[in-house]
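Let me begin by presenting the structure, written as structure tokens, before commenting on it.
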Amino acid sequence: MNEFERAKPGQEYTTFNPERETETKPPEFEQYRGNSPEQPATSDLHKKTPAELAHLEEIRQRLEQRFESQTPPEPTIPKNPTETEIIAGQTYHIEYVPKEDIYPAYGYGGGNSVEVRQDLSPRVKRFVKAHELYHCRDKASWGGWLGREIRANVVPGLKDPIGLAATAWKTITDIDRIKLYLDRIRRGY
């Protein structure tokens, strides 16, 4: 006999008998099964009175209000196509916007964000994106706004001369673009 089979002092040694165990159940076992007249069945223990249900609903509503006020608003998903470009370890976000949002401009750039018109041809769109990204990275101050525009056209134009030519042609054939540039020259920016 091993130590698990030895009876403790004051106890008699018994072996497990499944038939006997199922026949003899302690009295407290019956009350949890719901067979005792003074104790309801377990399934009845979880039923709530209408007053308890109303109280639980009130608590749920208060908690919901508290969490709604603490939860930050979900980030807005841009409605327009976007892309991200990493240049020299810096991330830039490009958003392609409808023509009516920025017309007569082809694009805007500043900080880490760029907007480019969706309606442009792929070649012009690619050049405008490079032009605006250059504005985002340009730290030089010589030449004022005209110097900034020259740099933002020449540097990307060296990499994509056909894109520069296509963008220039589109500009000189659009009277609203010409008016935009004349107004900027008049204002000095």
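Since every read-out is calculated from the coordinates, none of them should be taken as a lab result. Only a predicted model underlies this, so the values are computations on that prediction, with no experimental measurement involved. Methodologically, a virtual Cβ is constructed for each residue, glycine included, from the backbone with ideal geometry; neighbour enumeration extends over all protein chains shown.
A few comments on the model shown:
- Residue order, fewest to most surrounding Cβ atoms within 10 angstrom, among LEU164, LEU56: LEU56, LEU164
- Cα gyration tensor shape for the stretch 82-187, rounded if a/c is under 1.5, else prolate or oblate: rounded
- Taking a sphere under 13 Å around the Cβ of GLY144 and counting the other residues whose Cβ falls inside, with K and R at +1 and D and E at -1, yields a net charge of +2.
- Pair HIS93, GLU52: separation of 7 Å Cα→Cβ label points (nm): 5.0 nm
- Which of TYR96, TYR106 has the fewest Cβ neighbours within 10 Å, and the rest in rising order: TYR96, TYR106
- Cross-link table LYS99/LYS179; LYS79/LYS179; LYS79/LYS139, entries beyond 25 Å C-alpha to C-alpha: LYS79/LYS179; LYS79/LYS139
- Look at the dipole of the stretch 79-166 built from charges on Cβ: of PRO104, ALA165, PRO122, the Cα furthest out on the positive end belongs to ALA165.
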